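The values are calculated or read from the model by the stated rules, or taken from the named source; none is laboratory data. Values in this document were obtained by computation on a predicted structure and should not be read as measured data. Neighbour counts are summed over all protein chains in view; Cβ atoms, including those assigned to glycine, are modelled from backbone coordinates with ideal geometry.
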Amino acid sequence: MIWGSWPLLKLLLPLCALGLIGIIIYGVRYYALVCHLAAPEHRRLMLPNFSSIRLGCKLFLYGIALIAIAIALLRPQMPKEKPTTCYEQGRDLVIAIDISRSMLAQDCTPDRLSCAKAKIMTLARELNLERLALVVFSGAAFVQCPLTKDLGAFQLFLDAVDYHSLSTGGTTALDAAILAGVKLFAESQRSCKLMVIVTDGDDFSKDLEKASVAAQQIGLKIAMLGVGSPEGAPVPLLDEQGRIVGHQKDAQGKVVISRLNEELLERVARDTGSFYTKLTVGTRDDIDRIVTWIKRYEAETFATSSHADYEEWHVVGSLIAFISLLFAWLL
């Protein structure tokens, strides 16, 4: 039995107690008034419709109706069937997306961030049997979406990544993204631990080698998806409405050009036993290569619980209250 409005219990318990006390007081006072008006030997003649048994039954029915109404307000629910445990096969994949300011560069149409999000969503649809997690990072990293098979939920979290969520600075820390993946998989008993990092490689990590070693120690395989071009593009500055109001400049007043650092991304992928590929606009070569890489690893079995449907039983309480009041009225 599940109580849909359990917080109401704290309110209904004292109200029910007061109601029952009120019914008892009413019955005692009513009976005392009858005794005062007519002596027992004259009561049948003066009050032919009065019966102490009938009065007790009516008070009992009022009490049943009050309790039934309280139960109906608590909205009891009963499961239609027991929850079942299903066993499915799949892989765990963490996707990390760079949200540093350099991802606003427009050497991809319309910009690097939009292209990266579109590719990630395409990849997620291709991997509908896998559990996906989303990590966003710039100078630091945090989990935007934990591991889930719910593609709709994953897409909601991905859609929430826009220019408002970009870091105020232009730095990227790949070590933070890798360590976020390591942390996600640290307590996992599964042997298949995969990660795809989507970034332009404009990296300012403090200790990238240490992060790579940590990934190797837990068997985390990291594929790198590079966004942008080696020629690069200026980093735009946006206002609150997302309109370009200028470009980022360095200390000398020169416009900052962000370039795709393929050499760094290839080295990170190589260190973790994986590969690097460049994001392609208008083709699926990059996605096909990542999907092929993921499916090289054997899918593992994991358990998922199905949620049982519940049926409302508050109607039963309402029906009992109605029948009780009807009989009390007929008595």
message: Would you confirm whether or not the range 246-267 contains a residue that is part of a loop (DSSP other than H, G, I, E, B), under 30 Å from Arg125 (Cβ atoms) and touching a helix residue (DSSP H, G or I) at 6+ places or on another chain (Cβ under 6 Å)?
response: no
field: Failed item, numbered, when Val316 is tested on (1) closer than 30 Å to Ile71 by Cβ; (2) buried (at least 17 other Cβ atoms within 10 Å of the Cβ)
entry: (2)
field: Odd one out for Asp175 among (1) in a loop (DSSP other than H, G, I, E, B); (2) within 28 Å of Thr280 (Cβ to Cβ); (3) acidic (Asp, Glu)
entry: (1)
statement: Flagged in the range 27-67 as among the charged types (D, E, K, R) and under 30 Å from Ser318 (Cβ atoms), in numbering order, are Arg29, Arg54, Lys58
- prompt: Just for the range 106-161: of the residues that are of a type in the set (A, V, I, L, M, F, W, C) and assigned to a loop (DSSP other than H, G, I, E, B), which one is nearest to Val256 (Cα to Cα)?
  reply: Cys108
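Going residue by residue through the range 222-244, is there one that turns out to be assigned by TED's automatic domain parsing to the domain that holds Gly273 and assigned to a helix (DSSP H, G or I)?
The answer is no, given that none of the residues of the range 222-244 is assigned by TED's automatic domain parsing to the domain that holds Gly273 and assigned to a helix (DSSP H, G or I).
Okay, residues lined up against (1) modelled with pLDDT of 90 or more; (2) not basic (Lys, Arg):
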{"position": "Ala215", "(1), (2)": "yes, yes"}
{"position": "Val227", "(1), (2)": "yes, yes"}
{"position": "Gly232", "(1), (2)": "yes, yes"}
{"position": "Asp239", "(1), (2)": "no, yes"}
{"position": "Arg243", "(1), (2)": "no, no"}
{"position": "Gly246", "(1), (2)": "no, yes"}
{"position": "Asp250", "(1), (2)": "no, yes"}
{"position": "Val255", "(1), (2)": "yes, yes"}
- request: From (1) part of a loop (DSSP other than H, G, I, E, B); (2) surrounded by 17 or more Cβ atoms within 10 Å (Cβ to Cβ); (3) touching a helix residue (DSSP H, G or I) at 6+ places or on another chain (Cβ under 6 Å), pick out the condition that doesn't hold for Thr280.
  value: (2)
Residue match in the range 115-135 (condition: farther than 21 Å from Ala299 by Cβ, without any contact (Cβ under 8 Å) to a residue 12 or more places away in the chain and either surrounded by 15 or more Cβ atoms within 10 Å (Cβ to Cβ) or of a type outside the set (Ser, Thr, Tyr) (or both)): yes
query: For the range 115-129, how many residues meet the condition of being in contact with a helix residue (DSSP H, G or I) (Cβ under 9 Å, 6 or more places away or on another chain) and among the small types (Gly, Ala, Ser)?
result: 2
field: Identity of the residue in the range 199-208, in contact with a helix residue (DSSP H, G or I) (Cβ under 8 Å, 6 or more places away or on another chain) and not in a strand (DSSP E or B), that ends up nearest to Glu263 (Cα to Cα)
entry: Gly201
statement: Screening Ile71, Ile95 for residues that are at negative phi and at pLDDT 85 or above leaves only Ile95
